[in-house]
Every structure is written in structure tokens, then in C-alpha cells.
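Structure record follows, encoded as C-alpha cells.
The values are calculated or read from the model by the stated rules, or taken from the named source; none is laboratory data. Since the model is a prediction, treat every value here as computed from it, not as a measurement. Methodologically, a virtual Cβ is constructed for each residue, glycine included, from the backbone with ideal geometry; neighbour enumeration extends over all protein chains shown.
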């Protein structure tokens, strides 16, 4: 199993967690990114990108709506990510 295969499994687990914590259709996609996927990601780092559904031109409103609707779930989700990703690095 390659590193990317392992990351794909973890990405699916995180996506399942997102669907559980943020039900509905607000989240379009979840990606687990590593070094080489984005210029700001350093070697050994992992980032999670959560793409919200909607028109990218209306990003600020979409983000605000998501934050308002899921305010209580965001901080516990961030804690979950820190614990999950810390174990990988």
C-alpha cells in the first residue's frame, strides 16, 4: 500500500466524519492534501480542504451561512482533525 493509498483511506474517513458532523448538502467535497498538492504545504504537513457547495463567486455568503448553521460543530471537528492528523505525522 502506497502513502497515497493510506491517505485516500484517511480522506474517506474524514469525509465520513464531515457528513456526520455537517449533514445536508453544504459540503461538496473533502480532500486531504500533502506536500506538493499546494505551494504553502511544507514537507511532512497534511491539510484538509473542505469545499462548500455553491457558486465560488458567492463564497463569503456561503461560508457565513455554513458557519452560522454549524457553529457548534466546527470547533469539535477541528479538534478531531488535529488529533487524527497529528497521529499521522
How many of the residues making up the range 1-48 are touching a strand residue (DSSP E or B) at 6+ places or on another chain (Cβ under 8 Å) and touching a residue at least 40 places away in the same chain (Cβ under 8 Å)? 6
Could you give me the residue pairs with C-beta distances under 6 Å whose first residue belongs to the range 57-81 and is without any contact (Cβ under 8 Å) to a residue 60 or more places away in the chain, whose second residue is surrounded by 10 or more Cβ atoms within 10 Å (Cβ to Cβ) and assigned to a helix (DSSP H, G or I) wherever it lies, and which are 6+ apart or on separate chains? 73/21
Let me spell it out: the conditions are (1) surrounded by 10 or more Cβ atoms within 10 Å (Cβ to Cβ); (2) over 18 Å from residue 10 (Cβ atoms); (3) out of contact with any helix residue (DSSP H, G or I) (no Cβ under 9 Å at 6 or more places or on another chain), and residue 70 meets all of them except one. Which number is the exception? (3)
Restrict the check to the range 34-48 and report whether at least one residue is farther than 20 Å from residue 86 by Cα and in contact with a helix residue (DSSP H, G or I) (Cβ under 8 Å, 6 or more places away or on another chain). no
Scanning for something closer than 20 Å to residue 23 by Cα, more than 14 Å from the chain's Cα centre (by Cα) and loosely packed, with under 10 Cβ neighbours inside 10 Å, does the range 39-47 turn up at least one residue? no
When the residues of the range 12-36 are filtered to those that are within 14 Å of the chain's Cα centre (by Cα) and over 22 Å from residue 62 (Cβ atoms), which remaining residue is modelled with the lowest pLDDT? 34
Quick one: residue 66 ticks every box in (1) at pLDDT below 95; (2) over 20 Å from residue 86 (Cβ atoms); (3) in contact with a strand residue (DSSP E or B) (Cβ under 9 Å, 6 or more places away or on another chain) bar one, so which box is it? (1)
